[in-house]
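Peer 1: Have a look at this one.
The values are calculated or read from the model by the stated rules, or taken from the named source; none is laboratory data. Quick caveat, the model's predicted, so the values are computed rather than measured. Note that we place each Cβ from the backbone using ideal geometry, even for glycine, and neighbour counts take in every protein chain shown.
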């Protein structure tokens, strides 16, 4: 069973690492335009 | 300004506005207003009141409006606030002396609202929410994986692993509460402190109940039963419900404010000794600009002439004329109400000017205030009703099953959603406004959409609205042949005035020519230009004709007769038939002779009984009051139409370059034809349809989901999916409804 506890611990370390990487990328503004395509229905058609 | 005028001291008060004046009236504007019989009476408004237009970050739903309004009202010097939740903008009417914006901003900051200078580039507000959202989804995902172990048979027999999984899940739930739940708890706490009923109050209560319930069950069941995966997922989904509208608000703000119609406003710039007509967007800091009587100052500018007289009506709501002397700053939004042009040096480009915000509208009308109050009341009643239903649900279930009652109450708190009214309606209005802007139609206030949707009769002023004035071909040839200084003097004169005749003549002369003369507008008499040595040029009306004369002291000679043609606007006939086909009744109210009105009416196919000539401004207003009721749109282009604008249910103008006029109408348009009128009505009807849909949706959705949740057949997790899904659905429906509305095809 000890190996399971260790795996859980390692997965938590990965999770914390992933969260830190995510926080860094959001702070860098990488996600500011991530939903541009998703929000296209709400935007105007391009002017001709 | 000449030395004599510069040294003149006020000897009396203006008969209209009471400002110090050396004459009966302080300016041409007051003279005209007074001649209109007090139609433009000076409003009593306390001095030191000023409008501030700001961006507000952190608005996630319309209920936030109530919270910000309550905080604003608690500030000293606060008068009135208008918040647009779909755009994230606020207009504040404050007492300059007492109101402290920084104190207000600090009061909003703990609530998560950031207030700042309009149009200032900023970090997107949704970024902080995205951060919480991402972390909470990570926590929820891990909590679910851990819960799988229990679902698939991890038993207390495996004591170490069982406890590790249980307490790790508990830790993840606490982290989720701090990262995501704190967002709702903080908002609710601030709302309670401000005594405002915010929709986050029931949501915060549901967070507390859900966490408390899950924890209680966890410990009371010997760490076996766990609802922490449900709790973390519920927090993540609720944040998603907040994040999506926040992004849409940001997208709206970015796109809806791109074009405000002011960019193409014509302005006169000096290039050496020559004048050139440019678009306001071409102005750069340091340009020397010339503002004719009636011209709008589009950017802050330092006065170069000895003095100038301007109205700050758009800025302060105060129609009283204000004098400026050389070196003083004339603010953007002022307009020249003196009798002569003045030169000023631009301090900024248009992009830094507050004019677009001024043009977008000023004080709220009574109906708009009523609408804002009614939403605040709706929000309060809605939140109280949800809390009451949750309490009754728990009370009823507690007799049978406390645990199920708890989850049913939590579901009720989560699933209730006023977004259809609070977010969908403002969004539909902004989409309509945006589409109209892209067509060159600019709606100035919210009530215009309601009024336009109800229009049945459209009444036009004739000259300038249905028709345009231009000089005849013969006159153009005559002006071309003017010799010596005559032509440059005429060009200088017509470039210094916004009178319709001057505008018509301007097109027939080289408007870059300039003569060293002083031009002034003499109300009722025309334009005068003094060249020195007693030589005076005049552009005036004499014996039913418009003439350009020179007066050298002994006699006055006619240099040219200005023959004016009145032509119907290019698309007037086709638009008139389209509007008739749509069922509108069309009419003309004009000050011109009846036979000319009849001729235009016959040409356009208007019904004779609604086409009346020889009317004074007040007669037009009386006719509209008698015949118009709540379904009449009046379109005019002159100061003399102001009483009619006020009498009609709704008003519009094509006179964007005469600031007196659009400042008093509900919408204005810059196209040469009449099609913007049909466009504005069509957009308003689409908006009215969206509003009806939103009310219906809000009613049906809340009745259905609250019944299901109270019956105990909807888990909090499902509620946390349904609520944001309904918010997104309403936003999507409004966007698609407005997009598919029958807009102009040409």
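Per-residue answers, yes or no, for (1) more than 8 Å from chain B (Cβ to nearest Cβ); (2) modelled with pLDDT of 85 or more; (3) surrounded by 10 or more Cβ atoms within 10 Å (Cβ to Cβ):
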residue	(1), (2), (3)
A:15	no, yes, yes
A:18	no, yes, yes
A:25	yes, yes, yes
A:29	no, no, yes
A:32	no, no, yes
A:39	no, no, yes
A:42	no, no, yes
A:48	yes, no, no
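Peer 1: Continuing with this model, one more query. For segment B:578-589, which residues satisfy the criterion of being closer than 19 Å to residue B:673 by Cβ and part of a loop (DSSP other than H, G, I, E, B)?
Peer 2: The answer is B:582, B:584.
Peer 1: To continue, here is another question. Does segment B:641-652 contain at least one residue that is part of a loop (DSSP other than H, G, I, E, B) and closer than 26 Å to residue B:448 by Cα? Spell out the reasoning first.
Peer 2: From segment B:641-652, those part of a loop (DSSP other than H, G, I, E, B) are B:648-649; that's our starting set.
Still in the running and closer than 26 Å to residue B:448 by Cα: B:648-649.
Looking for residues that are part of a loop (DSSP other than H, G, I, E, B) and closer than 26 Å to residue B:448 by Cα, one finds at least one in segment B:641-652, hence yes.
Peer 1: A further question follows. Which one of these does residue B:730 not meet: (1) more than 28 Å from residue B:575 (Cα to Cα); (2) away from every other protein chain (no Cβ under 14 Å); (3) crowded, with 21+ Cβ neighbours inside 10 Å?
Peer 2: It fails just one condition, (2).
Peer 1: Moving on to the next point. Just checking, does segment B:192-209 include any residue being assigned to a helix (DSSP H, G or I) and closer than 18 Å to residue B:144 by Cβ?
Peer 2: Here is the first cut: in segment B:192-209, the residues assigned to a helix (DSSP H, G or I) are B:192-193, B:200-209.
With closer than 18 Å to residue B:144 by Cβ added as a condition, the list becomes none.
No, that holds for no residue.
Peer 1: Now, a different point. Looking at segment B:224-241, can you tell me whether even one residue there is in a helix (DSSP H, G or I) and out of contact with any helix residue (DSSP H, G or I) (no Cβ under 8 Å at 6 or more places or on another chain)?
Peer 2: Our first condition is that a residue be in a helix (DSSP H, G or I); within segment B:224-241, this holds for B:228-241.
In the following step, the residues that additionally are out of contact with any helix residue (DSSP H, G or I) (no Cβ under 8 Å at 6 or more places or on another chain) were identified as none.
Looking through segment B:224-241, none of the residues is in a helix (DSSP H, G or I) and out of contact with any helix residue (DSSP H, G or I) (no Cβ under 8 Å at 6 or more places or on another chain).
Peer 1: Please work out which one of (1) away from chain A (no Cβ under 11 Å); (2) farther than 21 Å from residue B:110 by Cβ; (3) in contact (Cβ under 8 Å) with a residue 24 or more places away in the chain is the condition residue B:139 fails and give its number.
Peer 2: Among (1) away from chain A (no Cβ under 11 Å); (2) farther than 21 Å from residue B:110 by Cβ; (3) in contact (Cβ under 8 Å) with a residue 24 or more places away in the chain, the lone unmet condition for residue B:139 is (1).
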